Each structure stands twice: as structure tokens, then as C-alpha cells.
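Scroll down for the structure; my scribbles are underneath it.
Readers should treat all values here as calculations from the given coordinates under stated rules, not as data from a laboratory. Because the structure is a prediction, the values reported are computed rather than measured. As a convention, Cβ positions derive from the backbone with ideal geometry for all residues, glycine included, and neighbour counts pool all protein chains shown.
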């Protein structure tokens with residue numbers, strides 16, 4: 001991952017929290033000699049060392065896990081266009097963003113390990129629902145049928161890299177001008193990037 005020193009984030013706790021808050025990622029691996037990406041939700045374990053999830057059995061990506069266990073998982077957060085018209089000098093436009101890349105070794109899981117992964121996944125994303133469902137409330141027949149249609153996995157994390165590109169390379173005045181301009185927009189990405197820039201500059 002290309003990350004200039006000024007944009008690098010090496011805070012393990014912050015990166016783990018980011019992954020938990022932005023768990024819908026892209027699983028990238030080699031399939032028949034070509035790169036293959038699948039967009040899926042994943043769960044980071046409490047110790048922060050493992051990612052769990054599953055893919056559809058019809059997705060051939062899982063068939064190459066044993067022969068190609070090295071994977072990359074990409075998690076993205078907010079992003080926003082930064083116009084060069086906001087600066088007090090001539091410059092080029094750019095894009096501010098937050099992204100985390102996780103490298104690791106993947107393996108297939110079955111049985112109770114897969115069931116536990118499903119429990120955590122459903123609980124994580126259902127807890128804010130008005131009428132949350134759970135694996136425990138699903139009928140055995142329904143659950144057995146659905147499980148046969150997926151392949152579970154675990155990724156042992158070997159490296160986490162992050163780029164928090166938030167105009168840290170700008171002087172204080174232009175940094176504030178960018179924040180102000182972003183806050184004038186109405187889109188969610190601009191608002192979140194402006195907030196992240198404020199938090200970053202206050203550290």
C-alpha cells in the first residue's frame with residue numbers, strides 16, 4: 001500500500017476500531033492465476049488477530065484458498081474530493097480518504113467455527129434493528145439449508161497498513177480552509193472527512 005509518511009497511521013487500536021466500524025470489505029486473492037475480489041462483510045475477532053466471514057459456495061474464490069492462502073482485504077471509510085480552488089495558492093485538486101489494508105493467511109472453516117462466525121456476524125449487524133433476528137431463532141431446517149450454500153473462512157492477520165489522507169501536508173490556514181469548504185457540502189463523505197480532519201489535527 002502506497003502511504004506517504006504524513007498519511008500513515010500506525011495506531012493498532014485505532015485501526016482495529018476502524019475495521020469494526022467499516023466491516024464491509026473486499027477480499028482479494030488469486031483465482032486461476034488472476035486477481036479476484038469479493039465484496040463481503042467480515043468480523044474482526046476481539047483480540048484483533050483474525051478476520052472471519054464467508055462467501056457463497058457458487059463463488060469459485062473459495063476453491064483456490066488451499067493453493068493460494070495469501071490474501072488482501074481492503075476496508076474503506078469516508079472519502080471526499082478536495083478542490084484546489086479552496087487553497088490560498090495555486091495547487092492541484094486531490095482526494096482525501098481513509099483506507100485500511102489487511103494482509104493475511106486464509107483457511108476454510110466448517111462446523112461449529114462457521115456457525116459461531118455466523119452468530120457474530122448476524123448479531124453485529126442486527127443489534128440496531130427494531131426487531132433483531134439471530135441464528136438461534138432460525139429454524140434448524142432453514143439454517144442447515146443456508147449453511148450448505150456458503151463457505152466459511154478465517155484470515156490470520158500478518159500485517160495491517162493504513163492511509164489516513166487528511167491534508168496533513170497542508171499548513172494550518174489551508175487545512176482550515178479545506179475543512180470549512182467540506183462542511184459547506186451536503187454529502188455524508190465530505191462531512192465525515194471534515195470531522196476526521198478536525199480529530200486528526202487536535203492530536
Of the conditions (1) out of contact with any strand residue (DSSP E or B) (no Cβ under 6 Å at 6 or more places or on another chain); (2) touching a residue at least 12 places away in the same chain (Cβ under 8 Å); (3) surrounded by 10 or more Cβ atoms within 10 Å (Cβ to Cβ), residue 97 satisfies every one except a single condition; which number is it? (1)
Could you list, ordered by first residue, the pairs with Cβ atoms under 8 Å in which the first is in region 4-15 and closer than 13 Å to residue 44 by Cβ and the second is surrounded by 10 or more Cβ atoms within 10 Å (Cβ to Cβ), at least 6 apart or interchain? 12/48; 12/160; 15/9; 15/100; 15/160; 15/162
May I ask you to verify whether residue 58 is part of a strand (DSSP E or B) and either farther than 16 Å from residue 100 by Cα or without any contact (Cβ under 8 Å) to a residue 60 or more places away in the chain (or both)? no
Filtered residues of region 82-93 (kept if without any contact (Cβ under 8 Å) to a residue 24 or more places away in the chain and either assigned to a helix (DSSP H, G or I) or closer than 16 Å to residue 185 by Cα (or both)): 84, 85
Can we say residue 164 is under 22 Å from residue 44 (Cβ atoms) and assigned to a strand (DSSP E or B)? yes
Restricting to region 31-50, and then to whatever is assigned to a strand (DSSP E or B), in contact (Cβ under 8 Å) with a residue 40 or more places away in the chain and touching a helix residue (DSSP H, G or I) at 6+ places or on another chain (Cβ under 9 Å), can you tell me which residue is surrounded by the most Cβ atoms within 10 Å (Cβ to Cβ)? 43
Name the residues in region 157-203 that are within 17 Å of residue 77 (Cβ to Cβ), surrounded by fewer than 18 Cβ atoms within 10 Å (Cβ to Cβ) and touching a strand residue (DSSP E or B) at 6+ places or on another chain (Cβ under 7 Å), would you? 161, 163, 189, 192, 200
Yes or no: residue 64 farther than 18 Å from residue 155 by Cα, surrounded by fewer than 18 Cβ atoms within 10 Å (Cβ to Cβ) and touching a residue at least 12 places away in the same chain (Cβ under 8 Å)? no
Matching residues in region 108-154 - criterion: being outside any helix (DSSP H, G or I), under 24 Å from the mean Cα position of the chain (by Cα) and surrounded by 14 or more Cβ atoms within 10 Å (Cβ to Cβ): 108, 109, 150, 151, 152, 153, 154
